[in-house]
Structures are given as structure tokens and as C-alpha cells.
Amino acid sequence: PRSGRSFSVTLVLTADAEMRELNRLWRGKDAPTNVLSFPADAARDRGFLGDIVLAYETALKEARERGISLGDHASHLVVHGMLHLLGFDHEDDAEALRMEQVERTALAAIGVADPYADADERRLAEALP
């Protein structure tokens, strides 16, 4: 249901070096990652959900490896980051599947191909005798 309220986020585009530092400081992982989300606490009541940070070089490399446009991959990363700000996570299989479904629905609504289709094919092939 729609509440009639509007919400905002800050989208930060950065280099891998800065992303590596953010990932090290906030997650204890000394490597760049493609997207990080930083939920807002106090400002959330005023409609600000938080920050989504994308690493340009990592996103570009991943898009090229997958044979997709940087725009489509960046859209996926923004949707993924937004879902984290809304409380979704992927710490266990059930959470991951739920988050994946919401991502697929959101991306289909904006015309971005399913980023998990290849993974579905691999899972199916592994399950066959």
C-alpha cells in the first residue's frame, strides 16, 4: 500500500580505492565491492533512507564479464542497495531468495533483464542427475 510519503536516498559514485576503504572500515573486508548501503537512523523519520555507494571500476568490470550494459548493471546495483536500505538482506538462503525475487520484479518494471537467469540455469543443471 502506498503511504503518499516520499523518500530519498543519496547515491554516491566512487572509485574502487575509496570503496575498498569503506568496505574495510564498515565491514572488515579489505577489498572493493560493487555496492554498499548505509541506512539512515534519525533522518529516516523525515523520509531520508540512507546512502547507496557504487564502485565504478568494479561495476564496469562485472558488466563486461556478464556481457551486459553498465547502465543495466548499475540499475541492478541501485535496486539491490535500495532493498538493503528497506531492510532486506541475504544472510541465509531464504532471505536471499526473497530479496532476489523483489529485485527481479523491480528490474522487470524498469526494463532490465533478469540478472539471476544464468544462476537459475546453473542451479537447474546441478540438480539434474
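The values are calculated or read from the model by the stated rules, or taken from the named source; none is laboratory data. Just so we're clear, the structure is a prediction, and the values are computed from it rather than from any experiment. Here the Cβ positions follow ideal geometry from the backbone for every residue, glycine too, while neighbour counts run over all protein chains shown. When the accessible area is computed, the model is the full protein with side chains, heavy atoms only, and any ligands, DNA or RNA have been set aside. Shrake-Rupley method; radii C 1.70, N 1.55, O 1.52, S 1.80 Å.
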Within the stretch 1-100, DSSP-loop chymotrypsin sites (Phe, Trp or Tyr not before Pro) with at most 15 other C-beta atoms within 10 Å are 7
Any idea what the dipole of the chain comes to, in debye rounded to 20, about its Cα centre with Lys/Arg Cβ at +1 and Asp/Glu Cβ at -1?
-> 440
Under a plain spin-label model, where a point goes 7 Å from the Cα along Cα-to-Cβ, how far apart in nm are residue 70 and residue 86?
-> 2.7
When the accessible area of the stretch 1-124 is computed with all protein chains present and a 1.4 Å probe, what percentage of it is carbon and sulfur?
-> 54
Over the Cα atoms of the chain, compute the convex hull volume and normalise it per residue, giving Å³.
-> 145
